[in-house]
Amino acid sequence: MTNITESKRFSKFDSARLIDADKAHYMHGYHVFDDHREQGSLTIVDGEGAHIQDAEGQRYLDAVGGMWCTNIGLGREEMVEAIADQTRRLAYSNSFCDMANDRAIELSEKLAELAPGDLNRVFLTTGGSTAVDTAIRLVHFYQNCRGKPEKKQVITRINAYHGSTYLTMSLGGKQADRPPEFDFLSDGIHHLSCPYPYREAQGRSEAEFLEALVAEFEARIAEVGAERIGAFLAEPIMGSGGVIIPPEGYHRRMWEVCRRHDILYISDEVVTSFGRLGHFFASEDEFGVIPDIITTAKGLTSGYQPLGACIFSERLWEVIAEPGTGRCFSHGFTYSGHPVACAAALKNIEIIEREALLPRAREVGRYFEERLATLAELPIVGEVRAKCFMACVEFVADKATRELFPEELNIGEWVHLRAERRGLLVRPIVHLNVMSPAVTLTHQEVDFIVDVLRDSILETVEDLRAAGHW
């Protein structure tokens with residue numbers, strides 16, 4: 001089954017020249033030097049809806065959603081017009097001190113309306129990493145302002161991903177993101193176990209596993225001292241760590257522990273917001289938690305412009321902005337509150353609301369979950385995890401023991417390459433294939449993803465046998 005066609009909108013590009021120039025000049029994020037030197041890169045030149053086209057004219061259904069972000073789909077003309085109109089009127093405006101622009105103000109007001117509880121205060125950033133970086137700086141500022149300078153330690157989880165700045169990569173807990181050639185911060189950062197039922201429950205029921213995770217959190221607080229811990233940082237569903245869906249009630253229980261010990265709860269919704277789980281924000285609607293701080297990006301503009309936000313409660317604002325103190329929050333970015341990015345976000349939110357994309361995402365997302373679940377019967381599929389438009393297929397060498405294939409085999413890449421030939425892009429992460437497609441996906445596109453994945457996995461099984469790997 002294939003879906004590779006030549007785009008009707010664009011002719012072919014000089015792909016050979018682009019590949020040569022790419023190898024000669026362009027250093028990518030997560031650049032794998034040897035692979036890139038030998039193979040070059042898949043050069044994308046066009047996109048429409050959930051589909052993208054490479055420089056050779058081949059078309060793919062992008063089940064990766066760019067990088068968890070093309071929520072409303074690519075190529076929307078009204079997004080183009082909103083960006084162009086704003087660029088004509090005001091392409092840039094300083095947002096420091098007593099300067100602002102109308103679009104940044106309007107977006108902040110809208111985010112306060114959409115966020116749960118009293119999260120009415122908004123600091124606009126350039127993306128997810130800078131939103132999380134801002135959240136940690138806000139925690140430090142808040143604790144200093146309330147006279148608790150020792151209360152700044154941060155607790156996060158193994159397998160977490162919170163960004164790629166020096167601070168946020170240190171906060172993350174993915175071992176694969178910690179090559180020995182890089183340095184990381186360690187002081188003031190603590191990692192709890194990953195709430196990963198398939199790998200970590202070890203024969204316990206989900207309820208028993210939950211109790212063990214909560215007990216571990218309480219024990220770590222006792223060890224470090226509640227008076228020294230400023231915040232707990234958590235993704236509602238771990239994204240790059242493998243779409244790890246925690247046990248039922250996990251976030252509510254962890255939030256309650258934070259409340260008892262005066263620890264701020266930061267919900268990292270960079271991935272899970274703006275439709276990915278069928279809500280503008282998932283913390284309260286899906287997990288029953290009103291955090292002290294929410295970070296967001298990605299789906300905020302559906303990838304049309306780089307933008308992020310740190311949204312926080314009135315409780316924090318009342319402390320840091322206490323009248324008469326003369327305080328200054330000396331933190332910001334040249335492109336914070338960029339008017340063009342804010343215009344894109346406002347139009348993106350308008351489209352989500354006008355087209356009722358959230359209930360539609362929940363309905364089609366359930367179908368996506370159901371169809372993907374059928375892959376669990378395949379010989380090398382250990383588990384299929386999915387929540388609305390976040391999904392992962394985990395591959396194993398032995399379904400009974402859950403033994404993994406050798407890491408150097410890179411089994412996720414085997415499946416990915418066979419799917420790519422059939423016109424489907426999934427994200428390979430060693431033993432996993434991760435998916436986060438546009439939330440505008442149709443039932444037919446869901447069927448295409450699952451059918452192609454099935455065929456690609458079955459082909460992989462045969463190729464593994466032929467090569468003597470399984």
* Accessible area of the range 78-355 belonging to carbon and sulfur atoms, whole % at 1.4 Å probe -> 51 percent
* **Solvent-accessible area per residue for the chain (1.4 angstrom probe, square angstrom)** => 43 Å²
* Asked: So what does Lys347 come to for accessible area, using a 1.4 Å probe and Å² rounded to 10?
  -> 40 Å²
* Net length gained if the chain between Arg137 and Glu462 were fully extended (0.36 nm per residue, minus Cα distance) -> 111.8 nm
* Structure fact -> So Thr165 and His331, fully extended at 0.36 nm per residue minus their Cα-Cα distance, gain in nm 58.2 nm
* Hey, with R₀ at 51 Å, roughly what FRET efficiency would Glu353 and Ser193 work out to, going by the Cβ-Cβ distance, to 0.05? -> 0.85
* Structure fact -> Quick calc: nm separation of the 7 Å Cα→Cβ label points for Ala24 and Asp285 -> 4.9 nm
* Asked: Ignoring any ligand, DNA or RNA, what whole percent of the accessible area of the range 389-470 comes from carbon and sulfur when the probe is 1.4 angstrom?
  -> 49 percent
* Tell me, what is the 1.4 Å probe accessible area of Arg421, in Å² to the nearest 10? -> 140 Å²
* **the range 78-355: antiparallel DSSP beta bridges as a percent of all, rounded to 5** => 40 percent
* To do: With label points built 7 Å along Cα→Cβ from the Cα atoms of Ile105 and Leu417, find their separation and express it in nm.
  => 5.6 nm
* Structure fact -> Expressed in angstrom and rounded, the centroid-to-centroid distance over alpha carbons for the range 189-254 and the range 408-470 is 30 Å
* Accessible area of Cys145 in the full protein assembly, 1.4 Å probe (Å², nearest 10) -> 30 Å²
* Distance between modelled label sites at Glu223 and Gln175, nm, 7 Å Cα→Cβ extension -> 1.8 nm
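The values are calculated or read from the model by the stated rules, or taken from the named source; none is laboratory data. These numbers were taken from a predicted model, which means no experiment stands behind them. Positions of Cβ are generated from backbone atoms using ideal geometry, with glycine treated the same way; all protein chains shown enter the neighbour counts. Just so you know, the surface numbers come from the protein's heavy atoms only, side chains and all, with ligands and any DNA or RNA stripped out. Shrake-Rupley method; radii C 1.70, N 1.55, O 1.52, S 1.80 Å.
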